Amino acid sequence: IEVNDIKVYYEIYGAGEPVLLVHGNGGSISNFEKQIPELAKHFQVIAVDSRAQGKSSDSDKEISYALMASDMSELIDKLQLERVNVVGWSDGGNIGLEMAIAYPEKVKKLITFGANYSWQDFYAEPDTIQMDPNDPILEMARPFVQKFMKDYAEIPQERLEKLNALMAKFPNLTKEELGQIEAPVLVVAGDHDLIKAEHTLSLFRSLPHARLLIVPGASHMVVFEQHELVNAEIIKFLTTPYYDMNGNYFYSLE
């Protein structure tokens with residue numbers, strides 16, 4: 001479908017309340033292969049290839065998360081969806097944050113996985129632990145990672161340079177801007193994520209209506225490594241009424 005100055009490729013599964021899936025940098029709809037079948041049992045799933053990635057086209061514009069959020073906003077309009085829930089992994093989470101700030105009327109709830117709100121000081125130090133090559137999680141993740149890397153290697157050089165430049169200077173959201181987000185947000189990261197735990201905690205604390213989920217035994221590939229837990233939490237968050245919680249509430253109980 002024509003969106004802004006490009007053509008965006010999307011796929012729709014299931015029926016019900018709309019959920020927009022937004023993948024990570026250099027990825028595609030296939031990044032959510034473990035989510036789509038399960039979520040489609042409960043929602044209308046709109047899976048999208050972001051600008052210059054997957055089967056979507058590109059233009060001569062500099063790529064930014066704000067621009068891609070504009071693409072998603074235009075897509076929502078073109079599909080006559082009005083409001084959607086947004087589930088974003090990695091860069092997709094960054095796009096979701098931009099959407100919630102710029103187009104608050106279109107985002108009902110937001111779930112981010114391994115998102116960063118600033119391009120500065122968000123990357124965790126590389127881990128030196130050597131895992132057993134026969135570890136079950138490696139065996140499970142290998143096909144996913146191999147496909148991801150194969151698709152990434154096939155990205156044209158010009159697009160690849162733009163996607164690398166994107167991460168080098170964006171996002172640049174402030175805590176004040178995050179504090180303006182009215183949509184309830186579930187902030188998720190793996191306990192061994194590429195995103196610093198401190199950065200994830202800062203994101204959570206800057207949002208006025210948020211929950212935090214640190215998934216044990218997971219890296220930045222959390223949507224694949226712990227997909228059963230992740231899928232259950234997505235469904236729970238999107239189908240359960242949200243309420244703000246006072247961490248000291250029990251002091252007032254008699």
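The values are calculated or read from the model by the stated rules, or taken from the named source; none is laboratory data. Only a predicted model underlies this, so the values are computations on that prediction, with no experimental measurement involved. Don't worry about glycine lacking a Cβ; one is built from the backbone with ideal geometry, like all the others, and counts go over all protein chains shown. Note: accessible area is taken over every heavy atom of the protein model, side chains too, but ligands, DNA and RNA are not part of it. Shrake-Rupley method; radii C 1.70, N 1.55, O 1.52, S 1.80 Å.
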(message) Which of rounded, prolate or oblate describes the range 58-103 when judged by the alpha-carbon gyration tensor and an a/c cut-off of 1.5?
(response) oblate
(request) Can you tell me the order of 131-141, 63-73 when each peptide is scored by its average per-residue count of other Cβ atoms within 10 angstrom, highest first? (result) 63-73, 131-141
(request) Taking only Cα atoms and a 10 Å spring cutoff, compute GNM fluctuations for the chain and point out the largest among 142, 83, 159. (result) 142
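Using only the Cα atoms of the chain, build the gyration tensor, take square roots of its eigenvalues as a ≥ b ≥ c, and label the shape rounded, prolate or oblate: rounded if a/c is under 1.5, else prolate if a/b is larger than b/c, else oblate.
Since a/c stays below 1.5, the shape of the chain is classed as rounded.
Keeping the other protein chains in place, figure out the carbon and sulfur percent of the accessible area of the chain, with a 1.4 Å probe.
53 percent
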(request) Could you list the GluC sites (Glu not before Pro) in the range 1-105 that lie in coil according to DSSP, counting only those with at most 11 other Cβ atoms within 10 Å of their Cβ? (result) 62, 82
(request) For the chain, calculate the relative contact order in percent as a whole number, restricting contacts to Cα pairs under 8 Å that are 6 or more residues apart. (result) 19 percent
(message) Suppose only helical runs count, i.e. DSSP H with n ≥ 4. What mean residue ellipticity at 222 nm does that imply for the chain under -39500 (n - 2.57) per run, divided by all residues and rounded to the nearest 500 deg cm²/dmol?
(response) -10500 deg cm²/dmol
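What's the ranking of 213-223, 240-250 by average number of surrounding C-beta atoms within 10 Å, highest first?
Going by the mean number of other Cβ atoms within 10 Å, highest first, we get 213-223, 240-250.
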(request) Considering Cα pairs under 8 angstrom that are at least six residues apart, work out the relative contact order of the range 3-64 and quote it in whole percent. (result) 46 percent
(message) Please check: in the Gaussian network model of the chain (C-alpha springs, under 10 Å), which one of 52, 210, 15 has the largest mean-square fluctuation.
(response) 15
(message) For a 27 Å ceiling on Cα separation, which of these pairs sit above it: 147/236; 175/196; 34/150; 169/196; 34/196?
(response) 147/236
(request) Nearest 5 is fine: what % of DSSP beta bridges in the range 1-57 come out antiparallel, could you say? (result) 55 percent
